[in-house]
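Below you'll find the structure, written out as structure tokens, and then a few comments.
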Amino acid sequence: MERFTVVTREDELSLSLGKKIVDRLTLQNKIFDDQNPQIVISVGGDGTMLHALHQRMHQIESVHFVGIHTGTLGFFTDYEEGEVDILLEDVIHRQPITEEVQLLEVKRYNGDKFETLYAINEARVENIIKTMRIEVLIGDEYLETFRGNGLCVSTQIGSTAYNRSLRGAVLLPSIRAMQLTEVAGIHHKLSRSLSTSLVIPENNIIRFESKSYNDSILCYDHLHVRLDGVDAVEFQLCKKAARFARYRPTSFIKRLNNLY
């Protein structure tokens with residue numbers, strides 16, 4: 001991979017490491033190309049990597065990503081801050097294994113019109129002002145009427161992120177599925193929903209319908225949009241995938257152990 005770019009977190013250490021990476025790779029005749037890179041090197045934490053991924057969403061299937069960890073969490077990254085020289089040697093001299101991470105496709109509908117968004121970890125519908133009432137369908141089949149603050153749909157890799165904070169299950173990479181988890185559901189004799197996480201195979205569509213999404217937001221990874229005027233939101237795993245360059249593959253279990 002000859003063309004590269006670097007995305008860094010805005011702190012002194014990350015900026016310094018980012019400059020070192022650019023200088024060293026340029027000296028090795030690699031080409032700094034911020035418009036059409038073959039590999040994007042993220043310097044920071046998982047938030048920095050998510051920023052890099054969304055920044056390249058328009059070319060997500062033609063770019064590889066690799067990360068060095070200087071942030072508060074490094075589930076996406078393979079290198080610690082003291083291993084920048086190892087990272088550089090790998091990028092200069094080795095060919096990586098490509099790991100593909102399936103993206104979550106999210107559509108927000110206004111009648112027959114819709115807008116499509118993509119998430120790596122999760123997307124969730126939330127309202128912190130008033131209780132939401134959402135009709136939940138799996139495919140064309142009614143599941144429940146949910147009342148509460150919101151609902152979260154996560155990918156396999158996103159099962160370790162916000163979903164885990166909601167007490168959802170962690171899914172191993174071999175499980176190609178979405179997970180539906182409640183955000184502060186209301187449960188009493190007049191309002192009941194599943195209350196536990198539901199794991200849904202990849203070929204299904206999850207649909208949230210509501211008579212009023214006013215004052216609600218759709219959060220997808222670190223981004224968000226308003227849902228005023230929207231009447232339904234759909235979620236499904238799609239064929240689009242983010243590609244990570246694994247020069248030294250780390251097992252999912254080891255990554256999981258590093259979380260706690």
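Every number here is computed from the coordinates shown, using simple stated rules; none is lab data. Nothing here was measured: the structure is a model prediction, and the numbers come from that model.
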Legend entry - Relative contact order of segment 1-133, pairs being alpha-carbon contacts under 8 Å that are 6 or more residues apart, as %: 19 percent
Inset, instruction - Report the far tail of the P(r) of the chain, meaning the percent of Cα-Cα pairs longer than 29 Å. - result: 36 percent
Inset, instruction - Write down the percent of antiparallel bridges among all DSSP beta bridges whose residues are both part of the chain, to the nearest 5. - result: 75 percent
Legend entry - Centre separation in Å (Cα based) which lies between segment 1-53 and segment 192-238: 34 Å
Inset, instruction - Return a whole-number percent for the relative contact order of the chain, with Cα pairs under 8 Å and 6 or more residues apart as the contact set. - result: 20 percent
Legend entry - When each of 107/239; 107/254; 107/211; 211/240; 107/240; 19/254 is checked by Cα-Cα distance, pairs over 22 Å: 107/254; 211/240; 19/254
Legend entry - Shape box of segment 103-239 [Cα atoms, principal axes, largest first, Å]: 37, 37, 29
